[in-house]
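The values are calculated or read from the model by the stated rules, or taken from the named source; none is laboratory data. No experiment lies behind these values; they were computed from the predicted model shown. Quick reminder, even Gly has a Cβ in these numbers, built from the backbone with ideal geometry, and neighbours come from all protein chains shown.
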Amino acid sequence: MQDKIHSSYKQLEQKSKYTNMFLRWFLYFVLVVFAFYFIFPLYVMVVTSLKTMEEIRQGTLLTWPSGLNFDSWLVAWGGRGYGAGDTFLKPYFWNSIKMVVPAVFFSTFIGAMAGYVLTKWRFKGDKWVFLFLLFGCFIPYQAILLPMARTLGVLGISNSVIGLVLVHTVYGIPFTTLFFRNFYVSIPSELVKAARIDGAGFFKIFFKILLPVSTPIIVVTIIWQFTQIWNDFLFGSTFSFGEAAPIQVALNNMVLSSTSVKEYNVDMASAIIAGIPTLIVYVLAGKYFIRGLTSGAVKG
Amino acid sequence: MKTLKIEELSKNFGSTEVLRKINLEIDEGNFLVLLGPSGCGKSTLLNIIAGLETINEGNVHIDNYNVSKVEPKDRNIAMVFQSYALYPSMNVRENMIFGLKQAKVSKEKIEEQLEKVSKFLQVDALLERKPSQLSGGQRQRVAIGRALVREPRIFLFDEPLSNLDAKLRVEMRREIKKLHQQLKTTVVYVTHDQTEAMSLGTNIAIMNHGVIQQNDTPENIYNKPSNTFVADFIGSPSMNLIKGSLKESSNKVSFVTHGSNIEIPINRYDFKEKSNLDNKEVFFGIRPEHIFFKKSNEEDFEINLRADLSEYIGHEQIMTFNFENQEVLAKFPSTVKIHLSKNTKLFFDLTQISLFDAKTEERI
């Protein structure tokens, strides 16, 4: 009797072993397919940017370049050196830096303050304030283009980097506030009470006690805001043109305005250059990103 | 002198009444425990004393000065929190002197205080560590140290032991008791743990639904609970409350339950008011530890009850008996052998009973 039961257990054991093995291999197969799928465009971009126009015309998309030829990168960054019509990324790259650094700083700082107030200095109606701020996350960008253009005009900062800083700061606040609020909710309010009894005021508690433990969420916010603002095209193309344009707008102009031949190698190099800063931010701070996003869930 | 005096204090959160007409006084050097189930308003009361919550009505006096509108930092109080609330980015030293630095105390004085307190609490070896590098007990000590360096008039403790494991909790309880014996500072201590309350307090205020049910010494709280809530809340298992009525004939009072011929004579009981006792509906209260399996003194009331259930918990056993279809619990040493489903001879110690009005649930 017992032998019979045991042998049937054995069969089931074998069966589930095979099923598990099959599922595992299937999983790896799917993962590999997706990995190729995602890496493929990047591969084409890098490879194409290193080729000469001659190679591009003769080979296929996938052909390996003949050598490490950075000419198209130099052209994309610094231009060819002749006067009118020569568009290159360098000045616009600095425009973007000048726009993104203050905008990220101010939106992060204001979001941190707002999150601090909404969690640790509750007031009547604070839930409504937070709710309305959240609406800001869902309003489509296109809907505010006209009123924003008018506002910038009245303020006298349309078509300037400062104008873009303002737009991105204002538009970032709902997101940064949301991040910081959710983070500070998980920090015990007893800390604030203890500090109040110890005699610390509103700003001292913020700077001395909460801000030093906010590193993970600051990193998350910076990555998020940096990526959003750096990659923005709509606000940049609407509220600026010519000299004041950020890099994404310049990239667009550059790729569209080439008159004679499509220089794919230069286009690809430009696109990579325009994407590099966000990549750098991810590589430097990426591990904090995941940690910061999940840190609210686990009480520290 | 009254270190702390609270008058007619009420507090609402919106339409919810959290505290209702609280009156409380503490003498210099006393240890008052606010005890009650969660949500009874005890923590809110403590926060109000600290100045962290506003008051809707009433006043708080510290050293005969009305502090109702005084900032927490200026109230001469220090508070120890349940989560310790140590500043995570600062080391132990910075944590302990943060308050003194805010108060612009001189450097020499700060160092002196820090040395004295850290030695006293045996945390002097930990001064450079961050809170995350400390064990639960050490964190607790640092939190107490942070309160001590300020030399406050009143210590406020908000469930300081409930985050510790059972063994450490007993140790830290003793340490807090020693601390109070040595320093003789006035303490207000919030807990939901009756053992903590009993062992630490010189006074216990039992709260429920925002009202103080009884404010008395631990002995009186245990022996003479002022209503059924207190009787039920204190003691483990809690007091047996047997429903029945009183019978008075020719100046002799006795307790009877409906439809039974058991009559328990009440002749040693100290009635608050000895009138209109006949036919009064009451709860007859007797603690499980005051029911014996053998006669201990002449006054004991002998009764035969059927044992229904036995719970063995090591040093003792809790027996459930059937008293006219009401459950009566008794606590015996675990060495006593009692047969289930059989009648057992029991002895009620009638000097230790309490009687409550069945309608008002107040002690009579």
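Details
- Against the test of being in a helix (DSSP H, G or I) and under 20 Å from residue A:201 (Cβ atoms), the options B:119, B:109, B:101 yield a single qualifying residue, B:101.
- Complete set of residues in segment B:99-155 that are among the polar types (S, T, N, Q), within 12 Å of chain A (Cβ to nearest Cβ) and surrounded by 23 or more Cβ atoms within 10 Å (Cβ to Cβ): none
- Flag for residue B:252 being in the same structural domain as residue B:338 (by TED's automatic domain parsing) and either surrounded by fewer than 20 Cβ atoms within 10 Å (Cβ to Cβ) or at pLDDT 95 or above (or both): yes
- Sub-6 Å Cβ pairs linking a first residue in segment B:68-93 that is more than 8 Å from chain A (Cβ to nearest Cβ) to a second residue that is crowded, with 21+ Cβ neighbours inside 10 Å and among the aromatic types (Phe, Trp, Tyr), at least 6 apart or interchain, are B:80/B:157, ordered by first then second residue.
- Candidate set from segment A:94-124 (those that are charged (D, E, K, R) and in a helix (DSSP H, G or I)); member that is surrounded by the most Cβ atoms within 10 Å (Cβ to Cβ): A:120
- Strands (runs of 3 or more DSSP E) enclosed by segment B:281-351 - at least 3 residues per element that are surrounded by fewer than 19 Cβ atoms within 10 Å (Cβ to Cβ): B:301-312, B:316-323, B:326-333, B:343-348
- Being closer than 27 Å to residue B:219 by Cβ and of a type in the set (Gly, Ala, Ser) holds for only one residue in B:236, B:250, B:260, and it is B:236.
- Count of segment B:239-296 residues which are small (Gly, Ala, Ser), in contact with a strand residue (DSSP E or B) (Cβ under 9 Å, 6 or more places away or on another chain) and farther than 11 Å from residue B:355 by Cα: 3
- Output for segment A:239-257, where each listed residue is surrounded by fewer than 19 Cβ atoms within 10 Å (Cβ to Cβ) and either touching a helix residue (DSSP H, G or I) at 6+ places or on another chain (Cβ under 8 Å) or over 28 Å from residue A:51 (Cα atoms) (or both): A:241, A:242, A:243, A:252, A:255
- In this structure, residue B:70 does not satisfy being of a type in the set (A, V, I, L, M, F, W, C) and either touching a helix residue (DSSP H, G or I) at 6+ places or on another chain (Cβ under 9 Å) or in a strand (DSSP E or B) (or both).
- Residue B:89 of a type in the set (Gly, Ala, Ser), more than 14 Å from residue A:197 (Cα to Cα) and assigned to a loop (DSSP other than H, G, I, E, B): yes
- Failed item in (1) over 19 Å from residue B:361 (Cβ atoms); (2) crowded, with 17+ Cβ neighbours inside 10 Å, with residue B:208 passing the rest: (1)
- Filter result for residue A:63 (part of a loop (DSSP other than H, G, I, E, B), among the polar types (S, T, N, Q) and out of contact with any Gly (no Cβ under 8 Å at 6 or more places or on another chain)): yes
- Picking from residues in segment B:24-56 that are in a loop (DSSP other than H, G, I, E, B) and β-branched (Val, Ile, Thr), the one that is farthest from the other protein chains (Cβ to nearest Cβ) is B:55.
- Residues that are in a strand (DSSP E or B) and in contact (Cβ under 8 Å) with a residue 40 or more places away in the chain, drawn from segment B:247-271: B:255, B:264, B:265, B:266
- Residues satisfying the stated conditions in segment B:28-67, i.e. touching a residue at least 60 places away in the same chain (Cβ under 8 Å), small (Gly, Ala, Ser) and crowded, with 16+ Cβ neighbours inside 10 Å: B:36, B:41, B:43, B:50
- Of the listed requirements (1) within 11 Å of chain A (Cβ to nearest Cβ); (2) surrounded by fewer than 22 Cβ atoms within 10 Å (Cβ to Cβ), residue B:96 misses just one: (2).
- Qualifying residue in segment A:185-195 (condition: away from chain B (no Cβ under 13 Å), part of a helix (DSSP H, G or I) and of a type outside the set (Asp, Glu)): yes
- Condition broken by residue B:164, with the remaining ones in (1) touching a Gly at 6+ places or on another chain (Cβ under 7 Å); (2) assigned to a strand (DSSP E or B) satisfied: (2)
- Among residues of segment A:196-231, those that are facing another protein chain (nearest Cβ under 7 Å), of a type outside the set (Asp, Glu) and without any contact (Cβ under 8 Å) to a residue 24 or more places away in the chain, counted: 6
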